[in-house]
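Can you keep this structure in mind? I'll have questions shortly.
The values are calculated or read from the model by the stated rules, or taken from the named source; none is laboratory data. Quick caveat, the model's predicted, so the values are computed rather than measured. Don't worry about glycine lacking a Cβ; one is built from the backbone with ideal geometry, like all the others, and counts go over all protein chains shown.
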Amino acid sequence: MYLLFVSTRKKIAVNTRFLLPNRMEGIGYFTHETLRHITQTHPEVDFYFLFDRPYSSEFLYADNVKPVVLFPQARHPFLWYWWFEVSVAQWLKKNQPDLFLSTDGFCSLQSKIATVAVMHDLSFEHYPQYVPWLTNRYYRYFMPRFARHAARIATVSEYSKQDIVTQYGIEPNKIDVVYSAAKDFFKPTDVATQQSIRNRYTGGAPYLLYVGSVNGRKNIKNMLLAFDVFKKRHGGEMKFLIAGSLGWSNDEMIAAHQQMKFSEDVVFAGRINEEELVKIIGSSFALMYVSLFEGFGVPPLEAMKCNVPCITSSTTSMPEITSGAALLANPIDVKDIAEKIEALYLNSTIRAQLIDKGIKRSNDYSWQLTADYLWQCCEKAIQTP
């Protein structure tokens, strides 16, 4: 008598094309942190990581991770379509996993495999001028179709959830809020290191800090103009340090910088590695993150974990995420942003209160919690008929 043993291990395929060594940004970090926790917490599941190029072994977090490289490298709208609708679709059809998890929101419309799409925000719907033309056309055509195709959607704030509901007509009960988080290694910086960092970047002067990609949506133009207003009123040594790689659509920022009276007090540091970034944040007077649109916005949490107060936007998700632990400014009102800088500069009590509130608020988020929420979303999708 012969017994047939059929494996009951579940198989989950994951879009991991943003796991790029030394080149990860928002979606890449989200993918890295959540999958690191999920794969190690669930050894009973086989995870197939779908890469679009040779992968780094650092992303094979556990023995149950199986790497797969699919052609072509998907770094252009035409190649996105090819990768998802041909290469990924064929792999999913052949291997029949229980779920396809896509952490950048892109789905394979040709596939009938249950899919979880992580949609971080719909900024391209609100500010299309800050996205390359062809990329924006792709997003605006396919993202509503991806939203309808997915068995479930995960997103990073209640604001983004409601935005998806409003923009695409998706039922709210199909969307799970999983949040995001700051990495554990963000922590306060000692006094000696603070002085060393200031000496290195601003000639020893205190500085306001912006961290993140440098593009039009981040509203650096108005932050520069607000900083100039502040300097005209108070003078002093304060600098404005901008840490991030130059992105798309920065003509407005460049023009604003050129018209500033105190343009020499602005320091463009470029992209900073993580170890140095912790020190730069921890050595700053305050973080200024008054962007036009955020689905979540991680830098304010990073600042809070470093005992640094934050000025952020009074719009989109930022009031929800910071929840009273930051000064909120209207991102299109230069005067309002300048007044929030002034409040921190003149009132040490406000600054101390924000630091205390920020420490508490940052503890409400963790990558383990985000991973747990995302896993629950995946389980619901697998169980969806």
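Could you tell me which residue of segment 116-133 is farthest from Gly295 (Cα to Cα), considering only residues that are touching a residue at least 60 places away in the same chain (Cβ under 8 Å) and assigned to a helix (DSSP H, G or I)?
Per the stated criteria, the residue is Gln129.
Kindly evaluate Glu320 against the criterion of being farther than 25 Å from Asp121 by Cβ, in the same structural domain as Arg217 (by TED's automatic domain parsing) and among the acidic types (Asp, Glu).
Values: farther than 25 Å from Asp121 by Cβ: no; in the same structural domain as Arg217 (by TED's automatic domain parsing): yes; among the acidic types (Asp, Glu): yes.
Taking the combined requirement at face value, the residue does not satisfy it.
Further, regarding this structure: Residues that are in a helix (DSSP H, G or I), over 19 Å from the mean Cα position of the chain (by Cα) and of a type in the set (D, E, K, R): does segment 319-328 have at least one?
Filtering segment 319-328 down to residues in a helix (DSSP H, G or I) leaves 319-322.
This time we only want the ones that are over 19 Å from the mean Cα position of the chain (by Cα), so: none.
Looking through segment 319-328, none of the residues is in a helix (DSSP H, G or I), over 19 Å from the mean Cα position of the chain (by Cα) and of a type in the set (D, E, K, R).
Has segment 234-246 got at least one residue that is surrounded by fewer than 22 Cβ atoms within 10 Å (Cβ to Cβ) and of a type in the set (Lys, Arg)?
The answer is no; no qualifying residue exists.
Within segment 37-56, is even one residue over 20 Å from Phe100 (Cβ atoms) and either touching a strand residue (DSSP E or B) at 6+ places or on another chain (Cβ under 7 Å) or basic (Lys, Arg) (or both)?
yes
Moving to a separate point now. Any residue that is surrounded by 15 or more Cβ atoms within 10 Å (Cβ to Cβ), basic (Lys, Arg) and outside the structural domain of Thr315 (by TED's automatic domain parsing) - is there at least one of those in segment 159-169?
Yes, segment 159-169 contains a residue that is surrounded by 15 or more Cβ atoms within 10 Å (Cβ to Cβ), basic (Lys, Arg) and outside the structural domain of Thr315 (by TED's automatic domain parsing).
For (1) outside any helix (DSSP H, G or I); (2) surrounded by fewer than 17 Cβ atoms within 10 Å (Cβ to Cβ), each residue gets a yes or a no:
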{"site": "Thr8", "(1), (2)": "yes, yes"}
{"site": "Ile12", "(1), (2)": "yes, no"}
{"site": "Arg23", "(1), (2)": "yes, yes"}
{"site": "Thr34", "(1), (2)": "no, no"}
{"site": "Pro72", "(1), (2)": "yes, yes"}
{"site": "Val86", "(1), (2)": "no, yes"}
{"site": "Phe106", "(1), (2)": "yes, no"}
{"site": "Ile113", "(1), (2)": "yes, no"}
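Still on this structure, please answer the following. Is it true that Ser313 is over 15 Å from Asn363 (Cβ atoms) and either touching a Leu at 6+ places or on another chain (Cβ under 8 Å) or modelled with pLDDT of 95 or more (or both)?
Criteria met by Ser313.
Given the criteria surrounded by 24 or more Cβ atoms within 10 Å (Cβ to Cβ) and assigned by TED's automatic domain parsing to the domain that holds Gly26, does Cys378 qualify? Spell out the reasoning first.
On the way: surrounded by 24 or more Cβ atoms within 10 Å (Cβ to Cβ): yes; assigned by TED's automatic domain parsing to the domain that holds Gly26: yes.
Here the answer is yes, as Cys378 does meet what is asked.
Report the residue count in segment 334-367 for those that are surrounded by 15 or more Cβ atoms within 10 Å (Cβ to Cβ), out of contact with any Gly (no Cβ under 7 Å at 6 or more places or on another chain), assigned to a helix (DSSP H, G or I) and of a type outside the set (A, V, I, L, M, F, W, C).
Of the residues in segment 334-367, 9 are surrounded by 15 or more Cβ atoms within 10 Å (Cβ to Cβ), out of contact with any Gly (no Cβ under 7 Å at 6 or more places or on another chain), assigned to a helix (DSSP H, G or I) and of a type outside the set (A, V, I, L, M, F, W, C).
While we're here: Between residues in segment 182-197 that are on the phi > 0 side of the Ramachandran plot and residues that are surrounded by fewer than 11 Cβ atoms within 10 Å (Cβ to Cβ) and not in a helix (DSSP H, G or I), which pairs lie under 7 Å by C-beta distance while being six or more apart or on different chains?
none
If only one of Lys261, Lys305 is surrounded by 24 or more Cβ atoms within 10 Å (Cβ to Cβ) and either assigned by TED's automatic domain parsing to the domain that holds Tyr201 or closer than 13 Å to Ile220 by Cα (or both), which one is it?
Working: Lys261 fails: surrounded by 24 or more Cβ atoms within 10 Å (Cβ to Cβ).
Sole residue among the options that is surrounded by 24 or more Cβ atoms within 10 Å (Cβ to Cβ) and either assigned by TED's automatic domain parsing to the domain that holds Tyr201 or closer than 13 Å to Ile220 by Cα (or both): Lys305.
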